[in-house]
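The values are calculated or read from the model by the stated rules, or taken from the named source; none is laboratory data. Quick caveat, the model's predicted, so the values are computed rather than measured. Neighbour counts run over all protein chains shown; Cβ positions are idealised from the backbone, glycine included. Note: accessible area is taken over every heavy atom of the protein model, side chains too, but ligands, DNA and RNA are not part of it. Shrake-Rupley method; radii C 1.70, N 1.55, O 1.52, S 1.80 Å.
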Amino acid sequence: MAGPRCRFCRGVWGELVVDMGLQPACDHFPEVGAAEADPVFPIRLWLCADCGLAQLVEDPTIPEEVRGIEPEALVAQARSAVGMIAEAGFSTAGDTVIEHPSPHGGSWVGHLAERGVGVAAGETADLVLDCFGLMHSQDVRADLERRVRQLAPGGTLLLQFHSLAAVLAQGQWNAIRHGHPVYLSVPTAVGMLESLGLGTVRAWRFRLYGGTILLAARRGEPTATAVRALAEAELAAGVRDADVLRALHDTAADTAAALRGWLVGARSSGRTVLGYGAASRAVPLLNHAGIGPDLLPAIADGSPAKHGRRIPGTGIAVVSPEAMVERSPDEVLLFVPDLLDEVRRRYPQVEAGGGSWVVAEPRPRSVESAAHAVPT
Ligand SMILES: [Zn+2]
C-alpha cells in the first residue's frame, strides 16, 4: 500500500503524528434504537515535511446532510468579519462575491449584501470567500487553485479557518476528526497562497472556536510584515513541529480522564447530569473517555433533526432542550463552548432551578470559573 501523499504539494515525505485508532464517523448519528453497530474508521494525522500541511491520512466518511443549527456566535463573527473587511478597504458597494460555504453554516452573503456586495453572476468575483471550507477539502490543491482562478483582476481571496495553533494552545485534540481532513495554520496557509502567486496582505484573529483566523490574500502583492509575525508566532507554538503535535495524544488522554472522573464523581454524589450540544466534536471526546448512558443519560440539542438519534459509538440519546429542562439537571455539560451565552439566555430554567452549566473541555469547569478562563 502506498504511503500518504500531501493533499496540497503532493509530497510523500512526512510524519505520522497522531493515531487515534478506529473512531466512529462523527457526522453520522444513528437512530437511537438502531440495532447495527456504529461503523468505525481510522483517524491518523500526518504532517507533510514539504509544505507543512497537517492532514488526515484517510477520511473515508461521507458527510451527511447538515443537521446542526448555526450558533449565534458564528453569525455574530461573520457580521463582524464583514465589517472589518469593508473597513480595511477590501470590499466596497458594487463589488461581487463568490462564497465557498462549509457544512458549519455561517454564510456571509447576507451580511455582504447589506453592504452592497452581491453574489457574482459570472465565473469570477472581486471577493472569493472560503469560510471553513478548505478544512473539509479532500484535494486542497485543486480547491485552492479553483478559488484563485475565480479572482477578478485586483480581487481579494478571503480564507477563514480554525487554526491548528488554537488546537494546540487549547488542547482541542478532538478537532482532529472525520470530515476534517485538513488542518491549516497561518504559516502553512501563507506558504500555500505564495506558491500560487498570492501574498497575504492582512490577517485577523477571532475568538470563535477558540482561535479562528481570517486571511486576505491578493495576486502579485507581498505578504505583509504583520502577517509574517503572526505566522512566526504560530510556528513557535509548534504547528509544524511533529513532537508538539504528537503531544496531542497526552492531551486527549488527560481530557478524557478528567471528563470521566468528573462524571463518576457526579454519579456517586447522586447529581443529575445531562449534556448539551450533540456536535461532531463531542463524538471523539465521549468515545475516547468511554462515556455511555450510565454516566451521561442524554445530550440535548437545539436541532430537531438530531432528536431520537444517538451519539455514535456511545449509545447516548439526543433529546430536545425541553426534555432536558424537564429533568431539572443539577449540571449541564456543555460540549460547544461557543454556545455558552446563547444557551444560558435561552434556557434560564437550568440556573433558576439551582442547576449550573459546566464547560466540558479541557476539563469540566462551571461557568463562573469558565468566565475567568476565557482568553482575552
Ligand atoms: Zn505538502
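Which of the residues that make up region 1-48 are at pLDDT 85 or above, open to solvent by 70 Å² or more (accessible area, probe 1.4 Å) and either in the same structural domain as GLY313 (by TED's automatic domain parsing) or within 16 Å of the ligand (Cβ to nearest atom) (or both)?
ARG5, ARG10, VAL12, TRP13, GLU15, LEU16
Return the total of residues in region 223-246 being open to solvent by less than 40 Å² (accessible area, probe 1.4 Å) and not hydroxyl-bearing (Ser, Thr, Tyr).
The number of residues fulfilling the criteria is 8.
Residue by residue through region 341-376, note down the ones that are crowded, with 20+ Cβ neighbours inside 10 Å and either at pLDDT 90 or above or aromatic (Phe, Trp, Tyr) (or both).
Passing the criteria: VAL343, TYR347, VAL350, GLY355, TRP357, VAL358, VAL359, ALA360, PRO364.
Test each condition in (1) in a loop (DSSP other than H, G, I, E, B); (2) not assigned by TED's automatic domain parsing to the domain that holds VAL359 for ALA233 and report the one that comes out false.
Answer for ALA233: the failing condition is (1).
Name the one entry in SER91, SER107 that is open to solvent by 50 Å² or more (accessible area, probe 1.4 Å), farther than 23 Å from MET192 by Cα and small (Gly, Ala, Ser).
Details: SER91 fails: open to solvent by 50 Å² or more (accessible area, probe 1.4 Å).
Of SER91, SER107, the one residue that is open to solvent by 50 Å² or more (accessible area, probe 1.4 Å), farther than 23 Å from MET192 by Cα and small (Gly, Ala, Ser) is SER107.
Do we find a residue being within 28 Å of ALA78 (Cβ to Cβ), aliphatic (A, V, I, L, M) and open to solvent by 30 Å² or more (accessible area, probe 1.4 Å) anywhere in region 295-317?
Looking for residues that are within 28 Å of ALA78 (Cβ to Cβ), aliphatic (A, V, I, L, M) and open to solvent by 30 Å² or more (accessible area, probe 1.4 Å), one finds at least one in region 295-317, hence yes.
Given the criteria in a strand (DSSP E or B) and without any contact (Cβ under 8 Å) to a residue 40 or more places away in the chain, does ALA217 qualify?
No.
Here are some residues: GLY199, GLY179. Which one is at positive phi and not charged (D, E, K, R)? Explain how you work it out, then say what you get.
On the way: GLY199 fails: at positive phi.
On inspection, the qualifying residue turns out to be GLY179.
I need the full set of residues from region 116-138 which are surrounded by 14 or more Cβ atoms within 10 Å (Cβ to Cβ) and among the aliphatic types (A, V, I, L, M), in order please.
VAL117, ALA120, ALA125, LEU127, VAL128, LEU129, LEU134, MET135
Across region 188-240, which residue is modelled with the highest pLDDT among those that are touching an Asp or Glu at 6+ places or on another chain (Cβ under 7 Å) and over 19 Å from GLY154 (Cα atoms)?
Checking each candidate, the answer is LEU208.
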